[in-house]
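Any read-out appearing in this document is the output of simple, stated calculations on the displayed coordinates, not a laboratory observation. Owing to the predicted nature of the structure, the values given are computational and were not obtained by experimental measurement. Cβ: placed from backbone, ideal geometry, glycine included. Neighbour counts: every protein chain shown.
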Amino acid sequence: MIALIGVERIKLFSTRSPWWCVGAAIVLPIVVAVVTTVGSGDSPVTLDSILAGGSLGLYTLLVMAMLAITTEYRFNTIKLTFQAAPDRVSPLLAKAAVVAGVACLAGWAASFGSVGVSKLLAENGSRLVITSGSGLRAVLGLGLICAASAVLALGIGGLIRHTAGALTLILVFGLVVEPLVRLIPKVGEDVYEWMPFVSAFRLPVEHPPTDVPSPWASFAYLSAIAVAVFALSLVVIKRRDA
């Protein structure tokens, strides 16, 4: 498995797209934090406000995770992968480990970078000192939800195979479908609170709402969905032709 992880790491970063995605996932949240801090003037900035740009980084990492498998189908390198590992499951598990690890590290780089830059720029940087468990959870939480979401995107990419289709599904669901759920009469608001990415962003928040599932319960819910989708992709990929 260690050898397969090394192979998947090499394959992931053998093209430019993952480098661009990871770079954007780190830079974009930091840019949002800088704009938020500078634009606040004399008003105090909070941990929640400067971590708000994490969603931009998350979606670029979803693209990176999806491309990790759809690109192999596009160029037929997946056949070579399955010839080297006929069980098909082990290389996909290795790919998931690499994608999740990279996404987690990128999320942490973005969150800690946002806090560090904002602390330097803020008029009262002492407010950004992480002294509570909830503050530490918020900063570390971005990396954790990026890892879980990357596994989810990898599973979707394995099920659909095609880059355009998988990318459309992931982005449209997260950016369009989830917000529109709130418009459903009577039950819209309740259903909205259980949407995967809505649940995800309760973890990287220092002071989440108290009338919704807790941050860790929401993260467990997202992780369960990610594991279920990825497991389904393993079953489908193992049964159908490469």
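Packing here is the average count of other Cβ atoms within 10 Å per residue, and on that basis the peptides 110-117, 180-187, 146-153, 221-228, highest first, run 146-153, 110-117, 221-228, 180-187. With the helix formula -39500 (n - 2.57) applied to DSSP H stretches of n ≥ 4, the chain reaches a computed 222 nm mean residue ellipticity of -24000 deg cm²/dmol. For S132 and L105, a Förster radius of 25 Å and the Cβ-Cβ distance give a FRET efficiency of 0.55, rounded to the nearest 0.05. Dividing the mean sequence gap of close Cα pairs (under 8 Å, 6+ apart) by how many residues segment 157-242 holds gives a relative contact order of 26 percent. Spacing of the modelled spin labels on A220 and W20, each 7 Å from Cα toward Cβ, amounts to 4.0 nm. Among T168, T70, T37, the largest mean-square fluctuation in a Gaussian network model of the chain, built with springs joining Cα atoms closer than 10 Å, belongs to T168. The alpha carbons of segment 91-242 stretch over 59, 42, 26 Å along the principal axes, in descending order.
Listed by number, the DSSP H helices of the chain that run 18 Å or longer by alpha-carbon position along their axis and have mean Kyte hydropathy of at least 0.0 are 16-39, 54-74, 89-121, 133-160, 215-239. Would you kindly calculate the translational diffusion coefficient of segment 45-108, applying Stokes-Einstein with the Kirkwood radius from alpha carbon pairs, for 20 °C and a viscosity of 1.002 mPa s, and quote it in µm² s⁻¹ without decimals? Approximately 158 µm²/s, per Stokes-Einstein. Between I2 and N76, full extension at 0.36 nm per residue minus the direct alpha carbon distance yields a gain of 24.3 nm.
Classify segment 1-102 as rounded, prolate or oblate, taking a ≥ b ≥ c as the square roots of the eigenvalues of its Cα gyration tensor: rounded when a/c is under 1.5, otherwise prolate if a/b is larger than b/c and oblate if not. Cα axes put segment 1-102 in the prolate bin.
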